[in-house]
Amino acid sequence: MTIKVGDKMPDGQFMTMGEGGPQAVSTSDLFSGKKVVLFGLPGAFTPTCSNQHVPGYVTNADALKAKGVDTIACMSVNDAFVMGAWGKSQNVGDKVQMLADGSADYTGKLGLGLDLTARGMGPRCTRFSMLIEDGVVKSLNLEESPGEAKNSGAENMLTQV
């Protein structure tokens, strides 16, 4: 079942790249008492993700934070090493937190899985964005095509915060 507006975010954890290597980030720490923009995408270093989705959030990070967003986070079914390297290549700095859902566990809890086995990519996350306030989904934007980042892009999110 897909998560929807009004639902509480499920418990879980991500991995992120820290100074000493991969570190766990609990959803409780990420969402509790905060206004968070979470966006998910099929994969690091893929064309739409690298050319549109992440750059849009990096460019609009200050505008989102000016509207009260505490954290902007990107999740993908990749490992923490890949997400860390991709974040560096995208110059995210401290604007976007890069979250690894390496085994697609959290993606599954959200009901936002995408099977790209036919394209040689295996299980992935569908492209989405959501506004979360204190762990509750306030808006959810899904893309019909994994090659588009319109509904789930930063420009659309700016109209929702």
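The values are calculated or read from the model by the stated rules, or taken from the named source; none is laboratory data. Since this is a predicted model, take the numbers as computed values, not measurements. Here the Cβ is made from the backbone with ideal geometry for all residues, glycine too, and neighbour counts use every protein chain on show.
Can you pull out the residues in region 86-119 that are surrounded by fewer than 17 Cβ atoms within 10 Å (Cβ to Cβ), modelled with pLDDT of 95 or more and of a type in the set (S, T, N, Q)?
S89, N91
Looking only at region 56-69, decide whether some residue is within 20 Å of P123 (Cβ to Cβ) and not basic (K, R). Steps first, answer last, please.
Step one: list which residues in region 56-69 are within 20 Å of P123 (Cβ to Cβ), which gives none.
So far as region 56-69 goes, no, none of its residues is within 20 Å of P123 (Cβ to Cβ) and not basic (K, R).
For region 44-54, indicate whether the set of residues that are under 14 Å from I132 (Cβ atoms), aromatic (F, W, Y) and in contact (Cβ under 8 Å) with a residue 12 or more places away in the chain is non-empty. Explain how you work it out, then say what you get.
Applying the first criterion (under 14 Å from I132 (Cβ atoms)) to region 44-54 yields none.
No, that holds for no residue.
Looking only at residues in region 44-58 that are on the phi < 0 side of the Ramachandran plot and in contact with a helix residue (DSSP H, G or I) (Cβ under 7 Å, 6 or more places away or on another chain), which one is surrounded by the most Cβ atoms within 10 Å (Cβ to Cβ)? Working first, answer last.
Of all residues in region 44-58, those on the phi < 0 side of the Ramachandran plot come to 44, 46-58.
Filter once more, so that each one left must be in contact with a helix residue (DSSP H, G or I) (Cβ under 7 Å, 6 or more places away or on another chain): 44, 56-57.
Working: A44: 23, G56: 20, Y57: 26.
Going through the qualifying residues, I end up with Y57.
Sort out which residues of region 86-113 are among the hydrophobic types (A, V, I, L, M, F, W, C) and touching a residue at least 40 places away in the same chain (Cβ under 8 Å), and write them in order of number. Outline the logic, then answer.
Residues of region 86-113 that are among the hydrophobic types (A, V, I, L, M, F, W, C), as a first pass: 86, 92, 96, 98-100, 104, 110, 112.
W86, V96, M98, L99, A100, L110, L112 - these are the residues of region 86-113 that are among the hydrophobic types (A, V, I, L, M, F, W, C) and touching a residue at least 40 places away in the same chain (Cβ under 8 Å).
One residue is enough: does region 57-76 have a residue meeting the conditions farther than 18 Å from L131 by Cα and free of Cβ contacts under 8 Å to residues at least 60 places away in the same chain? Talk me through it step by step, then tell me what you get.
So the first thing to find is which residues in region 57-76 are farther than 18 Å from L131 by Cα, and the list is none.
So far as region 57-76 goes, no, none of its residues is farther than 18 Å from L131 by Cα and free of Cβ contacts under 8 Å to residues at least 60 places away in the same chain.
Which condition does G135 not pass, out of (1) surrounded by fewer than 22 Cβ atoms within 10 Å (Cβ to Cβ); (2) without any contact (Cβ under 8 Å) to a residue 40 or more places away in the chain, if it passes all the others?
(2)
Being touching an Asp or Glu at 6+ places or on another chain (Cβ under 9 Å) and of a type in the set (A, V, I, L, M, F, W, C) is the filter here, so list the residues in region 20-36 that pass it.
Across region 20-36, the qualifying residues are F31, V36.
Applying the selection to region 59-84, what residues are farther than 17 Å from V161 by Cα and surrounded by fewer than 16 Cβ atoms within 10 Å (Cβ to Cβ)?
The one that is farther than 17 Å from V161 by Cα and surrounded by fewer than 16 Cβ atoms within 10 Å (Cβ to Cβ): F81.
Do you know which of the residues in region 18-53 that are of a type in the set (A, V, I, L, M, F, W, C) and at pLDDT 95 or above is nearest to A149 (Cα to Cα)? Can you show your working first?
The first filter runs over region 18-53 and keeps only residues of a type in the set (A, V, I, L, M, F, W, C), leaving 24-25, 30-31, 36-39, 41, 44-45, 49.
Now narrow it down to the ones that are at pLDDT 95 or above: 24-25, 30-31, 36-39.
On the way: A24: 28, V25: 26, L30: 24, F31: 23, V36: 19, V37: 15, L38: 14, F39: 10 Å.
The extreme case among them is F39.
Of all residues in region 19-72, which are part of a helix (DSSP H, G or I) and of a type in the set (D, E)?
Kept after step one, since they are part of a helix (DSSP H, G or I), are these residues of region 19-72: 27-31, 47-59, 61-66.
Across region 19-72, the qualifying residues are D29, D62.
Go through region 20-34 and report how many residues are farther than 14 Å from G102 by Cβ and of a type in the set (V, I, T).
Residues meeting the conditions: 1.
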